[in-house]
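Taking it in order: structure first as structure tokens, then the write-up.
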Amino acid sequence: MIRITDAIAINEDELSETFVRASGPGGQNVNKVSTAVQLRFDARRSASLPEPVRARLEKLAGARLTKDGVVVIFADRFRSQDRNRQDALERLVALIRRAAEAPKPRRATRPTKASRERRLKQKAERSGVKRLRGHLATED
């Protein structure tokens, strides 16, 4: 079990890894060894995630989310397969932790008296500028 928060833990069986060849530096090693990791987590079918967390995760994942609701994390930052596996898992855990934080609800507030007065003053100034433009155009 991979502990995400006190209340959320995902089973390692829910993750799948595939290894592909990475681009970038590494010399001959790059052409021979599959060090890059593609970590897949099926968020939509996961029993470990509560519904609100799942919805926020799907929003946060953005382009990393497939049409089927699978979060795909691609890690090729390091030259070793093991470090890329750790990096991909850490990034997935961080993403789920961000999704687990409930957004602070917005409290409706009324505009202050000063802000209303500033707005009306700006509108009056803008109105005056436009009135002058129209007046000058008709005198010609």
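Summary table below
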{"quantity": "Charge context of Ala36, other residues only, Cβ under 12 angstrom, K/R +1, D/E -1", "calculated": "+2"}
{"quantity": "Leu132 paired with Gln86, simple spin-label distance in nm, labels 7 Å along Cα-to-beta-carbon", "calculated": "6.7"}
{"quantity": "Mean separation of Cα contacts under 8 Å (6+ apart) over length of the chain, as relative contact order %", "calculated": "20"}
{"quantity": "Local electrostatic count, Ala47, Cβ distance below 13 Å [Lys/Arg +1, Asp/Glu -1]", "calculated": "-1"}
{"quantity": "For the chain: Kirkwood Rh in Å [reciprocal of mean 1/r, alpha carbons]", "calculated": "19.4"}
{"quantity": "For region 73-140, diffusion coefficient by Stokes-Einstein and Kirkwood Rh (Cα), 20 °C, 1.002 mPa s, µm²/s", "calculated": "118"}
{"quantity": "Kyte-Doolittle mean at least 0.5 and Cα axial length at least 30 Å: DSSP H helices in the chain", "calculated": "none"}
{"quantity": "Sites matching GluC sites (Glu not before Pro) across region 56-140 that sit in DSSP coil, with at most 13 neighbouring C-beta atoms within 10 Å", "calculated": "Glu101"}
{"quantity": "Under DSSP loop assignment and at most 12 Cβ neighbours within 10 Å, longest trypsin sites (Lys or Arg not before Pro)-free interval of the chain", "calculated": "1-44"}
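Where a number appears in this text, it was derived from the coordinates with a stated rule and is not lab data. Because the structure is a prediction, the values reported are computed rather than measured. Note that each Cβ is placed from the backbone with ideal geometry, even for glycine, and that neighbours are counted across all protein chains shown.
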